[in-house]
Structures are given as structure tokens and as C-alpha cells.
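**Q** Okay, handing you the structure first.
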Amino acid sequence: MQKLIYVLIALFIFTGCSETPEQVSSSSVLITNAIIYDGSGGDPITGAIRIADGLISEIGNISPLEGEETFDADGKVLTPGFIDQHSHHDQGLLENPASPSLLEQGITTIVAGLDGFAGSLTEADYVSIEENMKAFEANPAAINLAYFGPHNTYRNMVMGEDHVRYATDEEIGQMKTLLEADLEAGALGLATGLEYVPALYSNTEEVVELAKVAAAHGGRYSSHIRSEDITAMDAFAEAITIAREANIPVNISHIKLAMASLHGRAPEVIAMLNAARAEGLEITADQYPYDGWNSGLQLLVLSRDFYDRESAEFGLTSIADPSMIIFGRHPRKPDYTGKTLAQVAEEESRDPVFLLMSLLQEAERDDYGISVIGRNIGTSDIEEFMTWEHTAIASDGGIDGRHPRGQGTFTRVLSSYVREQGVLTLTEAIRKMTSLPAKSLGFKNRGLIEEGYIADLVIFDPDTVQDHGTYEDPIQYSTGIHAVWVGGELVWDGERETGARPGRIIRRAD
Ligand SMILES: [Zn+2]
């Protein structure tokens, strides 16, 4: 491609013709010798595809045009680019626009605003989705970006510190105004993180009221539900209630059961979700392929009262054992990183419950967060949820998070769950990374290899593709993703970023 551009630039200078850069990029490329999985979940075909004007223009047994650039897939698998519908990679994206920590696992689109929080892509602490979109468009990354309207962010803006209560009608009205503006800018819908402060103190009615606004705009609802442990069953039921009352498609983020006494109950959850679907509600989920979550240490104390010994003790006996809690980042104790709560308690000769309480009391007092990984997700449930036909793959990861999901989610599914364990077939795994998320996000022309679709594409070797991050050493790039195109531009080639930055903002298509 680079060479071709130089030739065209030379031609432009030489002939003085008025070819615009758009016309230059309209030249076509033929990807040959590929095993093409179109993303629909069907059988692959062997052949070639032509990219023209950033779109997939032809598929099948096609030969290069005279002088046409070709890219030999060398018998490897060619699929639509992976869509990560729950990502925190937007933070740090403008500093790392070449996006290697996404391209190395085949991701071509990320969605932000999830868990109900939208970070700012500018210097300001809070900016609207529209301002974030403008900042991205002024300084695009290699990958595409879409947003949900963030409930927690709205609640913080409207209620400030006075949030440990239900919102008044007037406050809900103010949140609606913020959501309306974001929807008008092209947000995909509403996202919540009901397990987090301040949404923790909202009631279902507040969420339904906002979800109705999203529904009226043809938007969707994506939720980190109110509990993934002790009251998880109620939280699934609440998500279904919101789908019904607001008449809106609902996606359950990073579906899991994170508590020993709930392990093995995924079939019950799936039956509940299937019953809702049978009723006509559009319910989907997404999932990352790990037995550990990564969040704030405070999630272990359900009462969020860090002086409440009973609640802290319950966290360490019933939710996650101290040996299963690994410190990610503690801003004041960098040496904790990678150690378990049990290890630190032993090293400091402290009672784990007392340690948990005192760490959280200090963090609350001085207003900082402590991130941990809790390895208490039921492993049989991971497989049950993964094989539910409506579960997509999504990372929930970040650029420099302390969890291997940030760099390894998609490649781990392909290596561990497809190649090694056979939990999913290759074609089904690809569907869960492409057309399924595209559909549940409402994308009209991505997620399939079909004529007229945008040429977001990946070539990988299913025999060697591999994630490498671990809980101990999480930030490791995957291997086996050979090439990635975004909007028809090659952004990853030979396991390296090319530096091209063709990423676009994807706005809701009504
Ligand atoms: Zn979440």
C-alpha cells in the first residue's frame, strides 16, 4: 500500500492531475489465498476478497486486476475485524493511537461508556460524548470507537456528593437531558454500572426512565448488573424488568457468577434469559474468558461501609477467599501489585478482614481506588455462558490494566476455548466476535464479510494464535494475528502496527 501511495503521489506531481487523497485510497486491494469465515457462523470458503473504497467489493474465486495490489493470506483464516463491545481501552487511546494492544488480538472496533462511566479524551474532567467524538476525529486511532451514554457519569454530574439516595423526578429529568444530548450525538444507547457508586443507590425506576429515553431514540441498554455475587439472581431479573418496561434491547455485560455458593447455576440463569427472549425481549450478553474479575476492592464489602466488620468478613468468607484476591494497583503501596490479600496479611502479620477494612477506610478517606482481581468466577459457568448462543466475546480490558483480558481476551478464546478445549467451534467463536456484537450494537455494515460491508478484517492462524498474559504478568501481546485492516487500510502487518490511523467514530444508526 505504502509503495502504491508513493507511485500515486509521484503521478500526481508528474501529471499535475487533480486526484484527491480520497481517490488515491479508492484503489483496490485483493486478499488472496484465504480461508474466509464470513462471521455468520457458517462454513468457511476458500478464496479471495477485494477491498475497494474501504469496502468489501467482491468475494470468491477472483483474480487480480491488472496492476492491482495483492495481499497473500497464505492459507490462513480471514474474518471480519473483532468488535469489543465492552472496552476501557478508550482511556489512553489518544496517547497510543496506533492501538497495538487491540490490534494484536484482532480488535478493530471498541465500545466505551460501559459500566456507566465515560472517560474524557480531552484535558477536561468531564466532556460530553459529542466532545469525545470530536477529540477522536481530530486525532483518530487505528481502530473505530463507539459510545454508550454513561449513567454513573450523569448521576455524578446531577447529584454530586449527595448521591446516597434515590434521585428525585427533577434529577432524573436532568439526567435525561444529558442522555438526550449524547444520543443525539450518536451514542448507541444507555449503559449502567449498577454495582458501582453512585448508581448503586438508584432504583430500577430511575434506570427504566432513562432506558425509555434511549429506546425512543432507537438505542439500546447495556448493563453491568447490580450484583454478580450475593444478589446476582435478582440483578438478572432486574435487567429483564428493564427490558420489558422500557421496551429496549438489553445486553448483560461480562456475564458471570462470582461467588462460590452460586457456582454451577449458570444453566438456571440461561433458562431465565431464554424465557425472557421467548417473551419477545431482546436479551444478549458478553463475556471475557477468565476466572478472575478486575475491579475495585470495595466490591468485597457489600454494605460499602468499611467500618462494618460483619460485611467485610462476609466478603472474605462467602464472596472471595483472601488467597483468591490479587492486588492490581494500590496508589500508595506499589509493592502490593501481584500479591494476594492473604500474602500481604501474612507479611504484615495482620488479620485479613482487618487489613481489608483498613485499606478501604484509608482509600475512602483520601479518595483513591484500589484495584484487585478476584478469582472467584465459576469455571463451569464460564463454559455454560460462553456456549449460550447470545453471548458475545468482549474484553472489559484496558491498555495498561493489571488483568490479562486487556491484551488477551479474543486470542485466548481462539487458543484455549476453541483449539485446546473445543468448547466452541472456530466458526461459532468468530461469530461471537463479529456479527453477534455488530447486531446487538445495531451496527448496519460491520461484522460480516459481505459485499458492501466496511472492510474491517483480520487474518490469523488458528493453529498458532495464542494469548500470553497471566495474572502475574498481564500485559503481554498475543501472537498469531498476522494482519488487520480497518476501513480497508492495513493497520497491523507481520505482527506489528503499521502506524495508519483510519479509525472512525461509529454513531448509532436509527
Ligand atoms: Zn463492568
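Since every read-out is calculated from the coordinates, none of them should be taken as a lab result. These numbers come from a predicted model, not from an experiment. A quick note on method: Cβ atoms are made from the backbone with ideal geometry, for glycine too, and the neighbour counts reach across all protein chains shown.
**Q** Taking DSSP loops as anything outside H, G, I, E and B, show the longest stretch in the chain free of chymotrypsin sites (Phe, Trp or Tyr not before Pro) there with at most 16 other beta carbons within 10 Å.
**A** With chymotrypsin sites (Phe, Trp or Tyr not before Pro) excluded where exposed in loops, the chain gives 369-510 as its longest stretch.
**Q** Give the relative contact order (percent, whole number) for the chain; include only Cα pairs under 8 Å separated by 6+ residues.
**A** Taking the mean separation of contacting Cα pairs over the length of the chain, I get 21 percent.
**Q** Count neighbours as other Cβ atoms within 10 Å of each site's Cβ, and list the trypsin sites (Lys or Arg not before Pro) in the stretch 312-416 that are DSSP loop with at most 12 such neighbours. Each step should come with its number before you reach the end.
**A** Values: sites: Arg329, Arg332, Lys339, Arg350, Arg365, Arg375, Arg402, Arg405, Arg412; in loops: Arg329, Arg332, Lys339, Arg350, Arg375, Arg402.
Loop-located and lightly packed - Arg332.
**Q** Under a no-solvent Debye model with one identical scatterer per Cα of the stretch 295-374, what's log10 I(q)/I(0) at q = 0.20, 0.24 Å⁻¹?
**A** Log-scaled intensity ratios, in q order: -0.80, -1.22.
**Q** Relative contact order for the stretch 295-374: what percent, with Cα pairs under 8 Å and sequence separation of 6 or more?
**A** Relative contact order of the stretch 295-374: 40 percent.
**Q** What share of the DSSP beta bridges in the chain is antiparallel, in percent to the nearest 5?
**A** Just about 55 percent of them are antiparallel.
**Q** By how many degrees, 0 to 90 and rounded to 10, does the Cα axis of helix 352-366 deviate from the longest principal axis of the chain?
**A** 70
**Q** Under 29 Å Cα to Cα from Lys176, which lysines show up? Leave out anything in the same chain fewer than 8 places away.
**A** Once the sequence-local lysines are set aside, what remains near Lys176 is Lys134, Lys212, Lys439, Lys444.
**Q** Checking a compactness column here: for the chain, what do you get for Rg(Cα) / (2.2 N^0.38 Å), N being the number of residues?
**A** Numbers: Rg = 23.2 Å, N = 510, 2.2 N^0.38 = 23.5 Å.
Normalised Cα radius of gyration, the chain: 0.99.
**Q** Name the shape class, rounded, prolate or oblate, that the alpha-carbon gyration tensor gives for the stretch 461-510, where a ≥ b ≥ c are the square roots of its eigenvalues, rounded holds for a/c under 1.5, and otherwise prolate holds if a/b is larger than b/c and oblate otherwise.
**A** Values: a/c = 2.22, a/b = 1.60, b/c = 1.39.
Cα axes put the stretch 461-510 in the prolate bin.
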